[in-house]
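Here's the structure, in structure tokens; my notes come after.
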Amino acid sequence: MTQIGHNISLPERARRIRRHALRMGEVQGQGYIAQALGIADVLAVAYFHATTYRPEDPEWEGRDRFLLSIGHYAIALYAALIEAKIVPEDELETYGTDDSRLPMSGMAAYTPGMEITGGSLGHGLGIAVGMSLALKRKGSRSYVYNLFSDGELDEGSTWEAAMSAGSYKLDNLIGIVDVNQMQADGPSLDVLNFEPLGLKFEAFGWFVQRVDGNDIDALVEAFDKARHHSGAQPRIIICDTKMAKGVPFLEARERNHFLRVEPHEWTEAIRIIDAGATA
Amino acid sequence: MRRSKYERPAHLIGNSGGPRLTTSAMIASIAGADQPTRPAPFGHALSALADKEDRIVGLSADLAKYTDLHVFRAAHPDRFYQMGMAEQLLMMSAAGMAREGFQPWVTTYAVFASRRAYDFICMAIAEEMLDVKIVCALPGLTTGYGPSHQATEDIAMFRGMPNLTIVDPCDASEIEQAVPAIAAHRGPVYMRLLRGNVPLVLEEYGYRFELGKAKLLRDGRDTLLISSGLMTMRALEAAEELRKDGVDAGVLHVPTIKPLDEATILAECAKQGRLVVVAENHTVIGGLGEAVAATLMRSNVRPAAFRQIGLPDAFLEAGALPTLHDMYGISTAKVADRIKGWLDG
């Protein structure tokens, strides 16, 4: 459990993560902001309920490893890292600019708290398998979380890793898959049908939960169950999320994999998010 | 050009041809009949090193037996990880283990590491300068099973990958020395592996392996052969053949392809009046030959002539290894013949 800010509610954490992400999006005028808004609740629960880390020491050996396989979701993870005080808030205005520690696609060498270089999709889960094996070798009790996307279910490497995690019974590995039903070329199930997803992971030997990824109470329960499940098997939380969650006029856009947002719309989006402030 | 698959073998429809060799096992021995060899030098060297270094783990993609990693598996069963026939996962999981402080040694065939797992080596391992050692059997033309197993372009692919060190050892003693040297180097390394009963060639030259160093094994006035891997063995044998014909041939062994020991190569090539021949068990595209040529051009060093001995830019045929080595000009006899031809021409 983190040692900071227990007085701030998880919905408020999620709201702030959305706000940080919108402010970064505003710097660029466009980006993967719909994914960031959609995954904000998952990140709030991950960083302010489930995982253990030390903001002042991002490479502390006792931390849980949180891998971002989907490099283009970096804007979302930066927002969480800022909220977790691993990255200073004033750096969000450098997002995607020259000399920034917050490049458009997440890379381990650039950003404190960024465990791996994502972006070439389908890498995270396999790296997580290696880290989970290594942590067991070291006798560590830390968990490895890998956040990946429904689009990454298209990649064969994801399934090599899924089979391996089941085969090695990696009970220290928790996969989180963001099913937001949108890929670069359109709705995910039109691009390649990955359903029935829960049954697939179950068949690969995983402990499967599927939740509304924008329901914080459901997420808290799912993360708790994933950690405390007694079975010797890897765990997966399939999170059905809504693209651009929290900003209705962006939610309504049909094609929102990569959003272009007008200057006045950023102001409006942030106003909508701020209206939900509770603390 | 191979004949049509609808034409029957020539000897079945006529009287042509003599005895025909058989392809033999997947990994044909490259040792000559009376050549001294040592068994599984990589497996034994890694096992011995792992006795001293706890950080070493070994990973296989269902080819431990064929990459000599089975020796390590027997010696250190708790440090051996079977990742299944999944080369992408092999590289990803090695990256994860290296991130946690271990030094993974992963083995598979060179074709699978280069062609199938390239992105995973590149982005999960090399981009982060992770300490993963990739050791691959069947480099170049060392199997008669055809293009599916012949890694004729692995060096061309891997030379383009930043941060990656590339090693192509010649014999058993060099593999034994290369293993601890590669372990001591912090960062990703790709090593081409000769496995099974591997010839002993270099000891009589008083040779010691140093990562990043080219070494002159013999000097010669008329021609200089620059070579790596098993072609150094061929170059040394060819030099002996040439000596009988009064040709004085030197051999510069370049086991580290990247980073290239440009200083030694330039110094040797600057000695005037010699034909320089680069011999490699690899396509002539993108390997040691082109690396040496570019080095010479950049530094304005001009030997009397420059030639390449290597595999053609083609998918190679299946068959017996001696037949194929002759066909593609990398057998000792063909190397010697071609050099004589160039010197006479």
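The values are calculated or read from the model by the stated rules, or taken from the named source; none is laboratory data. Every value quoted in this text rests on a predicted model; they were computed, and no experiment measured them. A quick note on method: Cβ atoms are made from the backbone with ideal geometry, for glycine too, and the neighbour counts reach across all protein chains shown. SASA here: full protein model, heavy atoms, side chains in, ligands and nucleic acids out. Shrake-Rupley method; radii C 1.70, N 1.55, O 1.52, S 1.80 Å.
Selection of the stretch A:19-42 for residues being within 15 Å of the chain's Cα centre (by Cα) and open to solvent by 20 Å² or more (accessible area, probe 1.4 Å) yields only A:32. Being touching a strand residue (DSSP E or B) at 6+ places or on another chain (Cβ under 7 Å) and surrounded by fewer than 24 Cβ atoms within 10 Å (Cβ to Cβ), is that true of even one residue in the stretch A:83-96? No, the stretch A:83-96 contains no residue that is touching a strand residue (DSSP E or B) at 6+ places or on another chain (Cβ under 7 Å) and surrounded by fewer than 24 Cβ atoms within 10 Å (Cβ to Cβ).
Condition first: surrounded by 20 or more Cβ atoms within 10 Å (Cβ to Cβ), within 22 Å of residue B:126 (Cβ to Cβ) and not assigned by TED's automatic domain parsing to the domain that holds residue B:137. Can you find one or more residues in the stretch B:245-255 that meet it? Looking through the stretch B:245-255, at least one residue is surrounded by 20 or more Cβ atoms within 10 Å (Cβ to Cβ), within 22 Å of residue B:126 (Cβ to Cβ) and not assigned by TED's automatic domain parsing to the domain that holds residue B:137.
Listed here are the residues, each with its yes/no results for (1) part of a loop (DSSP other than H, G, I, E, B); (2) within 30 Å of residue B:103 (Cβ to Cβ); (3) under 21 Å from the mean Cα position of the chain (by Cα).
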residue	(1), (2), (3)
B:7	yes, no, no
B:19	yes, no, no
B:25	yes, no, yes
B:46	no, yes, yes
B:54	yes, yes, no
B:63	yes, yes, yes
B:72	no, yes, no
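Restricting the stretch A:237-265 to residues that are among the acidic types (Asp, Glu) and within 22 Å of the chain's Cα centre (by Cα), the residue that is nearest to residue A:277 (Cα to Cα) is A:251. Cβ-Cβ distances below 6 Å connect the following pairs, each with a first residue in the stretch B:86-105 that is within 7 Å of another protein chain (Cβ to nearest Cβ), a second residue that is of a type in the set (S, T, N, Q), and a separation of six or more residues or different chains: B:88/A:157; B:89/A:164.
Among the residues of the stretch B:285-313, the ones that are farther than 15 Å from residue B:225 by Cα, surrounded by fewer than 19 Cβ atoms within 10 Å (Cβ to Cβ), of a type in the set (A, V, I, L, M) and in contact (Cβ under 8 Å) with a residue 24 or more places away in the chain come to 2 in all.
For the stretch B:26-34, the criterion of being under 30 Å from residue B:119 (Cβ atoms), open to solvent by 10 Å² or more (accessible area, probe 1.4 Å) and of a type in the set (A, V, I, L, M) is met by at least one residue. Of all residues in the stretch A:162-177, those being within 15 Å of residue A:68 (Cα to Cα) and within 12 Å of chain B (Cβ to nearest Cβ) number 1.
Look at the stretch A:256-279: where a residue is over 25 Å from residue A:188 (Cβ atoms) and a partner is among the hydroxyl-bearing types (Ser, Thr, Tyr), sitting 6+ places away or on another chain with Cβ atoms under 9 Å, you get A:278/A:9; A:279/A:9. The residues of the stretch A:247-279 that are of a type in the set (Gly, Ala, Ser) and outside any helix (DSSP H, G or I), listed by number, are A:252, A:276, A:277, A:279.
Of the residues making up the stretch B:319-331, just one is in a loop (DSSP other than H, G, I, E, B), within 20 Å of residue B:153 (Cβ to Cβ) and at pLDDT below 95, namely B:319.
Considering every residue within the stretch A:89-100, establish whether at least one is of a type in the set (Asp, Glu) and within 14 Å of chain B (Cβ to nearest Cβ). There is no residue in the stretch A:89-100 that is of a type in the set (Asp, Glu) and within 14 Å of chain B (Cβ to nearest Cβ). Considering the stretch A:122-161, the residues that are more than 9 Å from every other protein chain (Cβ to nearest Cβ) and hydroxyl-bearing (Ser, Thr, Tyr) include one that is surrounded by the fewest Cβ atoms within 10 Å (Cβ to Cβ), namely A:142. Mind checking which strands (runs of 3 or more DSSP E) fall wholly inside the stretch B:165-245 and carry at least 2 residues that are farther than 29 Å from residue B:106 by Cα? The qualifying strands (runs of 3 or more DSSP E) are B:215-218, B:223-227. Regarding the stretch B:92-112, can at least one residue be identified that is among the β-branched types (Val, Ile, Thr), in contact with a Gly (Cβ under 6 Å, 6 or more places away or on another chain) and assigned to a helix (DSSP H, G or I)? Within the stretch B:92-112, not a single residue is among the β-branched types (Val, Ile, Thr), in contact with a Gly (Cβ under 6 Å, 6 or more places away or on another chain) and assigned to a helix (DSSP H, G or I). Listed by first and then second residue, the pairs linking a residue in the stretch A:119-142 that is under 11 Å from residue A:172 (Cβ atoms) and hydroxyl-bearing (Ser, Thr, Tyr) to a residue that is open to solvent by less than 10 Å² (accessible area, probe 1.4 Å) and modelled with pLDDT of 95 or more, with Cβ atoms under 8 Å apart and 6 or more places separating them unless they lie on different chains, are A:132/A:144; A:132/A:165; A:132/A:170; A:132/A:173; A:132/A:234; A:132/B:96; A:142/A:65; A:142/A:135.
With respect to residue A:107, is the statement that it is part of a helix (DSSP H, G or I), at the interface with chain B (Cβ under 10 Å from one of its Cβ atoms) and either open to solvent by 10 Å² or more (accessible area, probe 1.4 Å) or more than 25 Å from residue A:41 (Cα to Cα) (or both) true?
no
Restricting attention to the stretch B:50-89 and to residues that are of a type in the set (S, T, N, Q) and open to solvent by less than 10 Å² (accessible area, probe 1.4 Å), the residue that is nearest to residue B:116 (Cα to Cα) turns out to be B:60. With A:222, A:232 as the choices, which residue is assigned to a helix (DSSP H, G or I), open to solvent by less than 70 Å² (accessible area, probe 1.4 Å) and modelled with pLDDT of 95 or more? Answer to the check: A:222.
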